[in-house]
Amino acid sequence: ESPSGNSVSDIITLGDTIWVGSSKGVSVSFNDTTWQNFYGNAAFGTESISAIGYNQGVFWAATAHSVDENGQTLPEGSGLKYTTDKGQTWNSIPQPIDKQSDSLVTYGINTLRALPVTVKVQNLIYDIAFTPGTIWIASFAGGLRKSTDMGTSWQRVVIPPDNLNSIKP
């Protein structure tokens with residue numbers, strides 16, 4: 001058996017372990033020969049993988065699918081999954097979205113207008129990164145966000161508005 005899908009979004013290698021994210025979910029090999037595919041199982045269903053990440057024994061996958069809206073097929077983020085036991089069990093986190101009232105972001109003495117991202121359509125995660133104690137995600141419509149509690153809550157990361165090159169607290 002080989003990894004599922006014909007469109008690969010990302011690959012992570014750790015010694016003999018290979019994690020693959022694709023249009024047909026997550027696949028993993030622990031010996032470079034046999035593969036386990038999670039597409040179609042209870043944790044993933046038929047979700048595509050838009051990003052994967054690995055940090056200190058935890059494997060993360062961002063999930064997405066397509067929706068038909070007003071005659072268009074559009075991508076929609078459905079959240080994140082992570083496993084601490086090499087795929088035996090999976091934890092699910094919903095796609096981060098804002099409240100309609102989240103239209104201002106404070107950074108030091110600055111208050112910036114921010115468009116609240118209140119839908120999952122075109123809000124999908126394209127990258128996952130880590131610093132000590134923090135997971136970072138970059139989303140197409142959702143911007144840059146970080147979590148210090150394993151994805152239970154997310155904070156928008158302030159980046160300069162288009163009319164500025166930098167911003168200081």
Quick one: in region 134-169, of everything that is among the polar types (S, T, N, Q) and modelled with pLDDT of 90 or more, which residue is surrounded by the most Cβ atoms within 10 Å (Cβ to Cβ)?
SER139
Answer residue from region 107-131, given it is not β-branched (Val, Ile, Thr) and not in a loop (DSSP other than H, G, I, E, B) and is surrounded by the fewest Cβ atoms within 10 Å (Cβ to Cβ) among those
ARG113
Working only within region 95-106, note down all residues that are more than 15 Å from the chain's Cα centre (by Cα) and surrounded by 15 or more Cβ atoms within 10 Å (Cβ to Cβ).
ASP98, VAL105
Is it the case that region 73-87 has a residue that's in a loop (DSSP other than H, G, I, E, B), open to solvent by 10 Å² or more (accessible area, probe 1.4 Å) and touching a residue at least 24 places away in the same chain (Cβ under 8 Å)?
yes
Region 1-22, subset open to solvent by 40 Å² or more (accessible area, probe 1.4 Å) and within 14 Å of the chain's Cα centre (by Cα), residue modelled with the highest pLDDT
ASP10
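The values are calculated or read from the model by the stated rules, or taken from the named source; none is laboratory data. The shown structure was predicted, so the numbers you read here are calculated from the model rather than taken from an experiment. Ideal geometry is used to build each Cβ from the backbone, glycine not excepted, and the neighbour counts take in all protein chains shown. With ligands, DNA and RNA removed, areas are computed over all heavy atoms of the protein, side chains included. Shrake-Rupley method; radii C 1.70, N 1.55, O 1.52, S 1.80 Å.
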